[in-house]
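Scroll down for the structure; my scribbles are underneath it.
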Amino acid sequence: MENNLRSTNLDELDLSTVVTGNKLLRNSFTWMSVAMLLTTLAALVFAFVPEFTQLLLVPAEVGLKPSIFAYVVMFAPLIFVMIMGFALNKLSYPALLSLFIAYAIINGISFSFIFYVYSIGSIVKVFLSTTALFTVMAIAGYTTKTDLSKLGTLLKIGLIGIVIAMLINFFMQSARVDYIISILGVIIFTGLTAYDVQKIKALGYQAEGSTLSSKLGIMGALTLYLDFINLFLFLLRLFGGKRD
């Protein structure tokens, strides 16, 4: 279905396409908003409620260190995304929705660590900036008449490139490389936001009446959620003020 989507000529879509696309986009943005709320609440609870913070940080010889649970929540989100992606056809809608909600909460728990690194003021400013940039690009993706399929392909290739670069820099620990990666990450996820919104809009037309329609709303929400979260994290690496 995705290959058909990328070959769609958006100039030929009539009004019914927009109406149907709006329905899928509404579902996607609704569940994305729910996920963002759950992520935010989980991050705040585990960052500022001592009883929960103790689950992530345990006493060490000098200061505190991450607990086993902390490492679990750091790597668990990747597993959730893989399950939702590869088992989409086998999972029921309630099961897929439950996985998405669990993923958002666990992601929020892992994000609580940013409050130990960056000041609250800078986190809020970057979050608001991310929201503004994401909104602008989402509107651009929805309203543009230009087919963004080729751009999306290039951006995905670029995404693979920065993932590889991040793995290499994990061992190199180069501040300059990290800075370049962050800039490229912002550019890539800014473009992917517009591309994914256009893709979901067109996919809504193609999936009309399909039994996968409800599931696609969740997967669309996951896609937009990942765009927002990654855009936020890269902007935070660039502009976030470290705690004293």
FRET efficiency for R26 and M166, using Cβ-Cβ distance with R0 set to 35 Å, rounded to 0.05: 0.55
Work out, in µm²/s and without decimals, the Stokes-Einstein translational diffusion coefficient of the range 27-132 at 25 °C, 0.890 mPa s, Rh from Kirkwood over C-alpha pairs. 162 µm²/s
Amide H neighbours of Y118 at under 5 Å, excluding residues fewer than 5 places away on the same chain, with H built from the backbone geometry, are R243
How high is the FRET efficiency between Y142 and V58 when r is their beta carbon distance and R₀ equals 41 Å, given to the nearest 0.05? 0.30
Which of K90/K150; K125/K201; K125/K215; K65/K125; K145/K215; K65/K242 exceed 22 Å between C-alpha atoms? The answer is K90/K150; K125/K201; K125/K215; K65/K125; K145/K215
Ranked packing of 61-73, 113-125, 97-109, most packed first, by mean Cβ within 10 Å: 97-109, 113-125, 61-73
If you average 1/r across every pair of different Cα atoms in the chain and take the reciprocal, what Kirkwood value do you get, in Å? 19.3 Å
How long is the gain from K65 to Q173 if the chain were fully straight, where each residue apart is worth 0.36 nm and the alpha carbon distance is subtracted? 36.8 nm
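Laboratory data are not the source of any read-out in this text; all were calculated from the coordinates shown. The structure presented is a predicted model; accordingly, all values stated were derived computationally and were not measured. Note: ideal-geometry Cβ built from the backbone for every residue, glycine included; neighbour counts use all protein chains shown.
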